[in-house]
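First the structure, in the form of structure tokens, and then the observations on it.
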Amino acid sequence: MLKKQFMTNRLKIYLLTLLSFLVGTSQFIIAGVLDKIADSLDITVASAGQLVTVFALASAIGTPILTVLISKYSLKKQLLIAIFIFMVGNFLTPLDLGYEVLIFARAITGLGTILFVVVSYIFASRLAGEGKQGSGMSNIALGFSLSQVAGVPLGRAIANLYDWQMIFYLVGFLVFLGTLVVIFTFKNRHPEKTPSIKKQINILKDKLVLLSLIVTVFVFITFSAITTFITPLIFSIERVDEHEIALIFVILGVASVIGSKVGATIADRVGVNKVLLSTLLIIVFSLIVMNIFSSFLNIFVLMLTIWSATIWMFGPTQGLNLSKMVPSHASILLSLNSSFVQLGFALGAFLGGVCINIFSIQSILNLAVVSTVIALAIYLFTLKKKKVN
């Protein structure tokens with residue numbers, strides 16, 4: 001009976017992994033088809049990039065509030081609420097109702113996506129059982145990583161065969177089928193105790209915590225600026241065909257999966273400080289080389305791959321770093337870190353668009369270097385404060 005129950009729960013975790021892959025595809029595919037969206041709406045690539053800004057900004061501000069508001073419900077109801085919000089935004093996204101409606105749709109999708117991720121992490125850890133919570137949660141992260149490996153290049157291929165709207169219709173249909181399975185097979189589980197907004201804000205009074213979260217923002221400004229405009233950036237170097245651009249997305253996706261898997265594992269062995277410092281230095285180095293050799297596609301893609309793997313190493317390691325700062329408030333810190341990640345996403349897409357409008361598409365590489373150098377400087381300062389403390 002216990003074995004049967006474990007298998008049932010494992011299948012439920014796999015379903016959550018599949019759903020995280022689908023909602024992740026809905027988030028990341030925008031960067032993969034940014035040029036096609038700009039063409040279909042007759043807007044600039046920079047304006048299309050603001051779809052990423054509103055997605056991230058809405059989730060950064062709205063998710064902590066929504067998490068508190070729905071915390072009184074069972075985890076199953078929380079999950080269904082998150083999926084419903086996502087479905088509304090995803091349904092509106094492909095409708096040809098103009099740029100303003102598309103902006104609104106991406107904001108709604110952002111709220112639903114990150115809320116789904118937060119609830120799924122908790123649900124997966126409960127389903128996995130005692131001593132296997134980390135394994136359950138890693139599956140949700142894996143689903144998101146795989147959305148870059150397979151979802152983005154597959155979405156690009158679908159957009160070439162039909163149009164970019166077809167991707168969102170397909171994602172919506174598959175999420176709907178998955179939701180039916182959730183409704184009929186998932187049991188109601190008692191919710192986690194969610195800290196109030198006031199309690200989440202109060203922890204920011206710790207200067208070391210606040211500085212560490214600011215490091216997160218600047219790193220993800222870099223991440224967002226490059227990933228949002230990655231397709232036009234590559235086309236500015238060389239007009240590669242659709243098969244080559246799809247292959248580049250696959251390579252970057254594989255690098256992201258490797259990075260996200262090994263980062264925290266290495267940190268457990270050598271310590272988070274060494275891993276975070278190393279990743280920031282490698283990110284700066286790879287960006288500088290990309291700047292210098294921005295006319296040579298092969299070197300650029302090689303450095304971009306190293307950058308992708310390293311920046312995905314930073315994410316989970318930074319989460320581990322924050323959770324160890326104040327262990328009694330680990331859940332609050334991880335929630336805040338997610339919001340600061342989305343804030344970085346919003347700022348990166350916005351500032352990237354500004355740079356393109358004022359200078360050129362390749363100026364976002366300069367933005368990325370400056371942002372990462374600032375992150376590195378702040379991180380070195382936090383290391384000094386840790387030693388003093």
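Derivation of every value follows stated rules applied to the coordinates shown; laboratory data play no part. All values derive from a computational prediction rather than experimental measurement. Please note: Cβ atoms are built from the backbone with ideal geometry, for glycine as well, and neighbour counts cover all protein chains shown.
When the Cα gyration tensor is reduced to axis lengths a ≥ b ≥ c, the ratio a/c is 1.5 or higher for region 1-80, and with a/b not above b/c it is classed as oblate. Computed from backbone phi, the HN-Hα couplings of region 15-31 come to 5, 4, 5, 4, 5, 5, 4, 5, 5, x, 4, 4, 6, 7, 5, 3, 5 Hz, rounded to whole numbers (Karplus: 6.51 cos²θ - 1.76 cosθ + 1.60, θ = phi - 60°; Gly and Pro given as x). Just so you know, the Cα atoms of region 195-389 work out to an Rg and Dmax of 17.1, 55 Å. In this calculation the C-beta distance from Val270 to Lys384 is compared with R0 = 25 Å, giving a FRET efficiency of 0.80.
To the nearest 0.05, how large is the calculated FRET efficiency for Tyr73 and Asn291 if R₀ is 35 Å and r is the Cβ-Cβ distance? It comes out at approximately 0.10. On the basis of the beta-carbon distance and an R0 of 35 Å, Phe91 and Val354 show a calculated FRET efficiency of 0.70. Remark: region 175-295 projects, on average over all directions, an area of 12.7 nm² (convex hull of Cα atoms). Between region 71-111 and region 169-188, what is the C-alpha centre distance in whole Å? Here the answer is 15 Å between Cα centres. Just list whichever of Lys76/Lys274; Lys72/Lys207; Lys12/Lys207; Lys72/Lys205; Lys198/Lys385; Lys72/Lys385 have alpha carbons separated by over 29 Å in the model shown. Where the Cα-Cα span goes over 29 Å, the pairs concerned are Lys76/Lys274; Lys72/Lys207; Lys12/Lys207; Lys72/Lys385. For Cα extents along the principal axes in Å, computed directly from the structure shown, the correct entry in (1) 59, 49, 36; (2) 60, 57, 38; (3) 80, 47, 38 is (2). Rounded to whole numbers, the Karplus 3J(HN,Hα) couplings from phi for region 351-360 are 5, x, x, 4, 4, 5, 5, 8, 10, 8 Hz, using 6.51 cos²θ - 1.76 cosθ + 1.60 with θ = phi - 60°, and x at Gly and Pro. Phi angles across region 201-214 convert, under the Karplus curve 6.51 cos²θ - 1.76 cosθ + 1.60 with θ = phi - 60°, into 3J(HN,Hα) values of 6, 4, 5, 6, 5, 6, 4, 5, 5, 4, 5, 5, 5, 5 Hz, Gly and Pro given as x. In the chain, helices alone account for a calculated mean residue ellipticity at 222 nm of -29000 deg cm²/dmol, with every DSSP H run of four or more residues adding -39,500 (n - 2.57).
Would you please classify the overall shape of region 1-194 from the alpha carbon gyration tensor, given that a ≥ b ≥ c denote the square roots of the eigenvalues, rounded means a/c under 1.5, and beyond that prolate means a/b larger than b/c while oblate covers the rest? Because a/c hits 1.5 or more and a/b exceeds b/c, region 1-194 counts as prolate. The H on the amide N of Ser74, modeled in the peptide plane, is under 5 Å from the matching H of no residue at least 5 residues off or on a different chain.
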